[in-house]
Amino acid sequence: MSELYIGLMSGTSLDGVDAVLAGLRGGRWRLVASSNLPFPTMLRARLVELNSPDQNELHRAALLANELSKSYAVAVRRTLTRAGVGARAVGAIGCHGQTVRHRPRNGYTLQLINGAALAEATGIPVICDFRSRDIAAGGEGAPLAPAFHHAVFSSTQRNRVVVNIGGIANLTRLPARGKVIGFDCGPSNCLLDAWVGMRRHKRYDRNGAWASSGTVIPRLLTRLLSHPFLRRRPPKSTGRDEFDLQWLARALKPGDRSADVQATLVEFTATTIARAVLAHGAGAREIYVCGGGARNHFLLQRIAVLLPGRRIATTAMLGVDPQHVEALAFAWLARQTIKGKPGNLPEVTGARGLRVLGTVYPR
């Protein structure tokens with residue numbers, strides 16, 4: 001019999017909920033079923049607004065947590081229906097929640113979710129708030145996926161790097177021998193999607209087609225690359241708190257063409273990723289990409305140009321659909337919590353030690 005767990009992920013890109021039902025048998029994970037539930041336009045807009053300080057935040061956050069949890073419940077039910085599996089067969093749901101503040105230097109992080117409501121709606125134990133225990137132990141609280149990457153993608157023969165390109169891009173170094181490290185490289189889809197949304201009223205730039213029609217603005221690229229976060233050494237993590245359209249607007253000048261700005265944002269993302277690989281990739285020649293950015297062909301082309309002589313592929317080459325990796329990571333983290341096993345890697349987050357992560361809402 002397989003152990004079954006559900007992973008739910010709604011990331012910084014704010015595009016919706018990715019849900020997976022995963023089974024563990026004989027020490028190997030397999031995908032049983034998956035679903036994606038796009039966020040309604042108004043919900044997405046209210047979540048973006050909550051990333052910036054404003055009035056009546058507590059009330060708005062609580063209402064949005066309830067609304068999000070209803071979306072999570074729909075995604076769970078849809079996934080179970082596709083698998084033909086009942087709720088009682090599932091060990092737990094691991095749900096990241098929706099990040100609206102990430103301030104580890106101030107000792108806190110906030111991911112919106114009503115775990116109790118989700119447990120009531122699904123009849124399945126819910127584990128959430130994974131980041132807080134790591135932060136309490138002196139860590140960054142993120143990224144957490146590197147522990148899963150290490151469990152699933154590492155090789156004893158080859159040095160590998162996994163790059164998750166979501167709202168924020170993060171890197172995991174998986175050496176054949178030696179310690180795993182991971183950290184946030186910088187912004188990715190959170191800026192790319194926000195700019196195309198504002199200028200062209202689209203959720204994203206399909207395949208990077210609009211960006212590829214533009215020309216990089218050297219002055220703007222230099223300004224973006226000067227952000228202090230990019231000079232910090234790992235462990236480090238970031239979010240929309242530091243990289244949003246207001247930050248971008250301060251770097252723009254009258255006359256900057258919109259398509260050129262998009263091209264510059266792609267080059268900015270590719271450059272921060274390439275620099276992170278060169279500085280911390282331990283000479284890895286295999287770079288595997290996951291997350292929504294894996295569908296941006298123009299971005300992947302630019303990364304390949306900046307990292308010559310390396311194999312750039314998606315995690316599909318390792319047997320896992322790039323759109324499922326993060327949700328699978330939270331199914332894996334849920335099992336770690338249920339089994340009383342640590343879910344963090346101190347060498348990634350900077351925590352004082354291994355910790356069991358998450359808050360549990362029983363069935």
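The values are calculated or read from the model by the stated rules, or taken from the named source; none is laboratory data. In this text the structure is predicted, and so the values were computed from the model without any measurement. All Cβ positions, even for glycine, are placed from backbone atoms using ideal geometry, and neighbour counts span all protein chains on display. Surface areas here come from the heavy atoms of the whole protein model, side chains and all, with no ligands, DNA or RNA. Shrake-Rupley method; radii C 1.70, N 1.55, O 1.52, S 1.80 Å.
Using a 1.4 angstrom probe on the protein heavy atoms only, line up ARG219, ARG352, ARG82, ARG101 by accessible area, largest first.
ARG352, ARG82, ARG219, ARG101
Amide H to amide H, which residues 5 or more places from ALA169 or on other chains are under 5 Å from it, using H placed in the peptide plane?
Sorted by chain and number, the residues that satisfy this are CYS185, GLY186, SER188.
LEU58 to GLU347: FRET efficiency via 1/(1 + (r/R0)^6), r the Cβ-Cβ distance, R0 30 Å, to the nearest 0.05?
Efficiency at R0 = 30 Å is approximately 0.25.
What residues of the stretch 150-188 lie in the reach of a label at TRP247, counting those whose backbone N is under 14 Å from a point 7 Å from the Cα along Cα→Cβ?
Output list for this probe position: 167-170, 184-188.
With +1 on each Lys and Arg Cβ and -1 on each Asp and Glu Cβ, how big is the dipole of the stretch 205-363 about its Cα centre, in debye rounded to the nearest 20?
Around 460 debye, computed over the stretch 205-363.
Taking the Cα centre of the stretch 312-357 as origin and charging only Cβ (+1 Lys, Arg; -1 Asp, Glu), how large is the dipole, in debye to the nearest 20?
So the magnitude is around 340 debye.
Please work out how much accessible surface CYS128 shows to a 1.4 Å probe, ignoring ligands, DNA and RNA, in Å² rounded to 10.
Roughly 10 Å² of CYS128 is accessible to a 1.4 Å probe.
Can you tell me the accessible area per residue over the stretch 235-325, all protein chains present, probe 1.4 angstrom, in square angstrom?
Accessible area per residue, the stretch 235-325: 40 Å².
What spacing in nm lies between the two simple spin-label points modelled at LEU278 and SER226, each 7 Å away from Cα in the Cβ direction?
2.0 nm
What is the percent carbon and sulfur in the accessible area of the chain, measuring with a 1.4 Å probe over the protein chains and ignoring ligands?
Carbon plus sulfur share of accessible area: 50 percent.
With the dipole of the stretch 1-125 worked out from charges on the C-beta (+1 for Lys and Arg, -1 for Asp and Glu) around the Cα centre, which of VAL90, LEU50, SER13 lies farthest toward the positive end?
VAL90
Which FRET efficiency, nearest 0.05, do ARG25 and VAL360 yield, Cβ-Cβ r, R0 22 Å?
Calculated transfer efficiency: 0.40.
Work out, step by step, the length gained on full extension between LYS339 and ARG77: first 0.36 nm times the residue separation, then minus their alpha carbon distance; give nm to one decimal.
So the extension gain works out to 91.9 nm.
Taking every DSSP beta bridge that has both residues in the stretch 1-130, what percent is antiparallel when rounded to the nearest 5?
Of the beta bridges lying entirely in the stretch 1-130, close to 75 percent run antiparallel.
Just how much of ASP256 is accessible, in Å², when a 1.4 Å probe is used and the result is rounded to the nearest 10?
40 Å²
Rounded to whole Hz and in sequence order, give me ³J(HN,Hα) for the stretch 301-316 from the Karplus expression 6.51 cos²θ - 1.76 cosθ + 1.60, θ = phi - 60°, writing x for Gly and Pro.
Calculated HN-Hα couplings, in order: 4, 5, 4, 4, 5, 7, 10, x, x, 10, 7, 10, 9, 8, 5, 4 Hz.
If a paramagnetic tag sat 7 Å from the Cα of ARG285 along the Cα-Cβ line, which residues of the stretch 133-165 would have the backbone N under 18 Å from that point?
155-162
With every protein chain present, what is the per residue accessible area of the stretch 67-182 (1.4 Å probe, Å²)?
Result: 36 Å² of accessible area for each residue.
Only bridges with both residues in the chain count here: give the DSSP antiparallel percent, nearest 5.
Around 70 percent of the beta bridges assigned by DSSP in the chain are antiparallel ones.
Quick one: net charge around ARG311, please, counting Lys, Arg +1 and Asp, Glu -1 for every other residue with C-beta under 12 Å from its C-beta.
+3
So, counting K/R as plus one and D/E as minus one, what does the shell of residues with Cβ under 15 Å around ARG257 add up to?
Here the count lands on 0.
Does a label point 7 Å from the Cα of ASN66, set along Cα-to-beta-carbon, have any residues of the stretch 94-118 with amide nitrogen under 20 Å, and which are they?
Inside the label zone: 97-100, 111-118.
Rounded to the nearest Å, what's the spacing between the alpha carbon centres of the stretch 171-217 and the stretch 243-283? Just the number, please.
Answer, in whole Å: 8.
Given +1 on the Cβ of Lys and Arg, -1 on the Cβ of Asp and Glu, and no further charges, what dipole in debye does the chain carry about its Cα centre, rounded to the nearest 20?
In debye, rounded to 20, the chain gives about 760.
Nearest 0.05, what FRET efficiency do HIS201 and ARG105 give at R0 = 22 Å with Cβ-Cβ as r?
About 0.05, to the nearest 0.05.
Under 24 Å Cα-Cα from LYS202, which lysines qualify once same-chain neighbours fewer than 8 residues away are excluded?
Partners within reach: LYS253.
Lys/Arg Cβ at +1, Asp/Glu Cβ at -1, dipole of the chain taken about the Cα centre: which of THR315, LEU31, THR337 is farthest positive-ward?
Highest projection toward the positive end goes to THR315.
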